[in-house]
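S.K.: Before I ask anything, here is the structure I am working with.
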Amino acid sequence: MLGSSASMSEPLSDDAFENLARELYWADTATRRPPTTTSDVRGRLHDLAALLRADERLAIPRGEVNLASRVRWRRQLKLGLFRLFRPISWRYDRLLADHAELSTALADRVQQLEVEVAQLRRELDRG
């Protein structure tokens with residue numbers, strides 16, 4: 001067990017809180033997404049491609065949560081290491097953006113094919 005009820009009322013330390021938050025985050029892997037249409041998927045892919053293109057030009061991408069720390073020296077160390085190895089990851093940012101743009105083009109084509117299939121089904125039902 002975790003301990004007595006008296007210790008349960010004590011506030012969690014920062015490290016304990018971060019560990020608990022991390023465990024809760026990874027425990028939530030079974031999230032279900034609502035059914036989406038092809039145009040919804042295309043829109044999300046387009047937004048992702050735009051975000052990745054913008055991030056590839058930044059020295060530190062927006063929302064880089066791995067660089068955060070409450071301890072100043074640890075945050076500075078993480079930032080220094082990130083800046084040191086950033087040139088390696090720039091290539092992957094570009095490749096991911098290319099992939100997202102290709103996926104967006106594929107979603108566009110799927111939308112066109114869905115329209116064509118609907119037209120062919122209507123013609124088949126008439127004939």
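The values are calculated or read from the model by the stated rules, or taken from the named source; none is laboratory data. These numbers come from a predicted model, not from an experiment. Virtual Cβ from ideal backbone geometry, glycine too; neighbours counted across all protein chains shown.
S.K.: When you go through Pro34, Pro61 one by one, which is the residue that is in a loop (DSSP other than H, G, I, E, B), at pLDDT below 85 and surrounded by 11 or more Cβ atoms within 10 Å (Cβ to Cβ)?
M.R.: Pro61
S.K.: List the residue pairs whose Cβ atoms are under 6 Å apart, where the first residue sits in the stretch 65-93 and is farther than 30 Å from Ser13 by Cα, the second is part of a loop (DSSP other than H, G, I, E, B) and modelled with pLDDT under 85, and the two are 6 or more positions apart or on different chains.
M.R.: Asp93/Glu56
S.K.: Oh, and also: Here is a list: Arg83, Arg44. Which entry is in a helix (DSSP H, G or I) and at pLDDT below 85?
M.R.: Arg83
S.K.: State whether the residues of the stretch 39-57 include one that is small (Gly, Ala, Ser) and either touching a residue at least 60 places away in the same chain (Cβ under 8 Å) or surrounded by fewer than 12 Cβ atoms within 10 Å (Cβ to Cβ) (or both).
M.R.: Yes, the conditions are met somewhere in the stretch 39-57.
S.K.: Can you confirm whether the stretch 103-124 contains a residue that is under 30 Å from Ala16 (Cα atoms) and surrounded by fewer than 10 Cβ atoms within 10 Å (Cβ to Cβ)?
M.R.: no
S.K.: A further question on this structure: Mind checking whether some residue in the stretch 73-93 is exposed (fewer than 12 other Cβ atoms within 10 Å of the Cβ) and of a type in the set (Asp, Glu)?
M.R.: No, every residue in the stretch 73-93 fails to be exposed (fewer than 12 other Cβ atoms within 10 Å of the Cβ) and of a type in the set (Asp, Glu).
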